[in-house]
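The values are calculated or read from the model by the stated rules, or taken from the named source; none is laboratory data. Everything numeric here is computed off the predicted structure, so don't read it as measured data. For neighbour counting, all protein chains shown are included, and Cβ atoms are generated from backbone atoms with ideal geometry for every residue, glycine included.
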Amino acid sequence: MSSPAIFVTGAAAGIGRATALLFASRGWRVGLYDIDHEAVERLRVELGANTVCGRLDVADAGAFAHALEDFVGFSGGRLDVLFNNAGILSVGEFETIGLARHHAIVEVNVKGVINGCHAAFPHLLRTPDSRVISMSSASAIYGAPSYATYAASKFAVKGLSEALDIEWQRHGIRVMDVLPLFVNTAMVTAIEQPASIARLGVRLQPGDIAQTVWDAAHWRGWRRVHWYPGLQTRLLALSNKLLPARLNRYATRKVSGY
């Protein structure tokens, strides 16, 4: 029996790289895909024979389908996990961010995930107990000021995951998402620190998210869709469920400095 196989988008750095390292170290075949081809090629050399890499713009549906075909050829026909990790972020007042950038966030964070799920379906169908795991965000718990379009894109991922997990249950495919608060990656550390980061801090590391993806990939319990890494994130999600809407709005305003 061939080794299980995971296809990772945004594998060049941060959460994608940490996830690739973890799964490769535990005997999985790993597909390393990113718009930065040189970076994933270096990672492929580092990880060795059980990996394959390629350049991929997830917003290009045809390229995504082609990359998956190449990967399942490498993996012996298996696609145990599609990890939709690629994403982009801009922080600031909505009207100060150029419209083209808003559109780019939707292209990568929403259409990229849709492209991946659509192209991966036949390969997932042929692999027993396969699953899709996509990066959402704690900004999809309650819409986060200064992250408006990013938060909207992650709400979309959350909704898509919920719907597809119901639709694809009959096929034996699980669909999940991961909703962390701030993670210590270049995407977070490179931005001008908004009030929300100052108040909440950056408490999660890429390895924490990689471990969550590993746990989700091996989960055999109830149809669990949403995964909240870290105590702080879980408390935020719980409070959003228990508190009245006006208090959630108030808390979000206070945390974000509005």
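For region 219-239, a residue qualifies if it is under 17 Å from residue 168 (Cβ atoms) and part of a strand (DSSP E or B), and exactly one does: 226.
Yes/no matrix, rows are residues, columns are (1) aromatic (Phe, Trp, Tyr); (2) over 21 Å from the mean Cα position of the chain (by Cα); (3) more than 30 Å from residue 16 (Cβ to Cβ); (4) surrounded by fewer than 15 Cβ atoms within 10 Å (Cβ to Cβ):
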position: 211; (1), (2), (3), (4): no, no, no, no
position: 216; (1), (2), (3), (4): no, no, no, no
position: 220; (1), (2), (3), (4): no, no, no, yes
position: 225; (1), (2), (3), (4): no, no, no, no
position: 228; (1), (2), (3), (4): yes, no, no, no
position: 232; (1), (2), (3), (4): no, no, no, no
position: 235; (1), (2), (3), (4): no, no, no, yes
position: 245; (1), (2), (3), (4): no, yes, yes, yes
position: 251; (1), (2), (3), (4): no, yes, yes, no
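Annotation: residue 53 fulfils all but one of (1) part of a loop (DSSP other than H, G, I, E, B); (2) in contact with a Lys or Arg (Cβ under 7 Å, 6 or more places away or on another chain); the unmet one is (1).
Cβ separations smaller than 7 Å between residues 6+ apart or across chains give no pair from region 205-223 residues that are in contact (Cβ under 8 Å) with a residue 12 or more places away in the chain and among the hydroxyl-bearing types (Ser, Thr, Tyr) to residues that are loosely packed, with under 15 Cβ neighbours inside 10 Å and not in a loop (DSSP other than H, G, I, E, B). Considering the conditions (1) crowded, with 21+ Cβ neighbours inside 10 Å; (2) in a loop (DSSP other than H, G, I, E, B); (3) under 19 Å from the mean Cα position of the chain (by Cα), residue 82 is excluded by exactly one of them, (2).
Applying the criterion of being under 22 Å from residue 183 (Cα atoms) and either surrounded by fewer than 17 Cβ atoms within 10 Å (Cβ to Cβ) or hydrophobic (A, V, I, L, M, F, W, C) (or both) to the residues of region 102-120, the residue that is farthest from the chain's Cα centre (by Cα) is 104.
Within region 224-258, if we keep just the residues that are out of contact with any Leu (no Cβ under 8 Å at 6 or more places or on another chain) and among the aliphatic types (A, V, I, L, M), the residue that is nearest to residue 158 (Cα to Cα) turns out to be 225. With respect to (1) crowded, with 24+ Cβ neighbours inside 10 Å; (2) more than 16 Å from the chain's Cα centre (by Cα); (3) among the charged types (D, E, K, R), the lone exception for residue 126 is condition (1). Within region 54-75, residues that are in contact (Cβ under 8 Å) with a residue 24 or more places away in the chain and surrounded by 24 or more Cβ atoms within 10 Å (Cβ to Cβ) sit with their Cβ atoms under 7 Å from residues that are in a helix (DSSP H, G or I) and aromatic (Phe, Trp, Tyr), at 6+ positions apart or across chains, in these pairs: 56/64; 58/64. Of all the numbered requirements in (1) over 17 Å from the mean Cα position of the chain (by Cα); (2) of a type outside the set (Phe, Trp, Tyr); (3) at pLDDT 95 or above, residue 48 misses one, and that requirement is (3).
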